Structure formats: C-alpha cells, structure tokens
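A.B. asks: First the structure, which I've put down as structure tokens, then a few questions once you've had a look.
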Amino acid sequence: RLVGADASHAWASVWLPGEGKEQGTWADLDPTNNRAAGEDYVTLAIGRDYADVSPVRGVIHGGANHQLRVAVTVAPAPKMPA
C-alpha cells in the first residue's frame, strides 16, 4: 500500500526540457512515496499551491475544530469492447 492512498495527498509535476530538437516532457513525482506518479493516481485539481486546489472553500460557521475525512479506492476500468 502507498502512504496516503486512502487520504488526500499531493504530488508534483515538473517540466523537464529536452535538448536539441527533442521536445520537453512533464514528469509527475510523488515524494510521499518516493516514486513517479502512475496510472493508479487520480488528478482532481491542478494549481500552483494548496490555496488553488483546496477541497474546502468558503466560510465555515461553527466551532474551531474541523477535520477532512477522505476515502479513496482506485480500480482498473473495465476494458471497452473493440
């Protein structure tokens, strides 16, 4: 299991420029799990920092204690008929 697999966590996309005539490419890196992000990752938002992609926005009225609870299950999509 991956760290943060059942919770909200982030990874970074970095631009790797190419040399000569080669085009650059984006690399998705997950420092929490020390690996590249793969097909088992689901992008929900893209932003420059947490303020751009916060899952909760607006004004919250009530007590000072709030907690985000997240549960995530990733499964392969069924194969499409040819």
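A.B. asks: Name the single residue, out of those in the stretch 3-20 being at pLDDT 80 or above and over 19 Å from I46 (Cβ atoms), that is most open to solvent (accessible area, probe 1.4 Å). Please lay out each step first, then the result.
C.D. replies: So in the stretch 3-20, the residues at pLDDT 80 or above come out as 11-20.
From what's left, over 19 Å from I46 (Cβ atoms): 17-20.
Details: P17: 99, G18: 33, E19: 153, G20: 82 Å².
If we take residues in the stretch 3-20 being at pLDDT 80 or above and over 19 Å from I46 (Cβ atoms), then E19 is most open to solvent (accessible area, probe 1.4 Å).
A.B. asks: Using beta carbons and a limit of 6 Å, which pairs, at least six apart or on different chains, have the first residue in the stretch 58-82 and within 19 Å of V42 (Cβ to Cβ) and the second one among the hydrophobic types (A, V, I, L, M, F, W, C) and part of a loop (DSSP other than H, G, I, E, B)?
C.D. replies: V70/A7
A.B. asks: May I pose another question? Give the stretch 32-82 a look and list any residue that's among the polar types (S, T, N, Q) and either open to solvent by 100 Å² or more (accessible area, probe 1.4 Å) or farther than 20 Å from V14 by Cβ (or both), or say none. I'd like the intermediate steps shown before the answer.
C.D. replies: Restricting attention to the stretch 32-82, the residues satisfying the condition of being among the polar types (S, T, N, Q) are 32-34, 43, 54, 65, 67, 73.
Within the stretch 32-82, N34, S54, N65, Q67, T73 qualify.
The values are calculated or read from the model by the stated rules, or taken from the named source; none is laboratory data. Keep in mind that what you see is a predicted model, and the values were worked out from it rather than measured. Neighbour counts are summed over all protein chains in view; Cβ atoms, including those assigned to glycine, are modelled from backbone coordinates with ideal geometry. Keep in mind that these areas ignore ligands, DNA and RNA; they rest on the heavy atoms of the full protein, side chains included. Shrake-Rupley method; radii C 1.70, N 1.55, O 1.52, S 1.80 Å.
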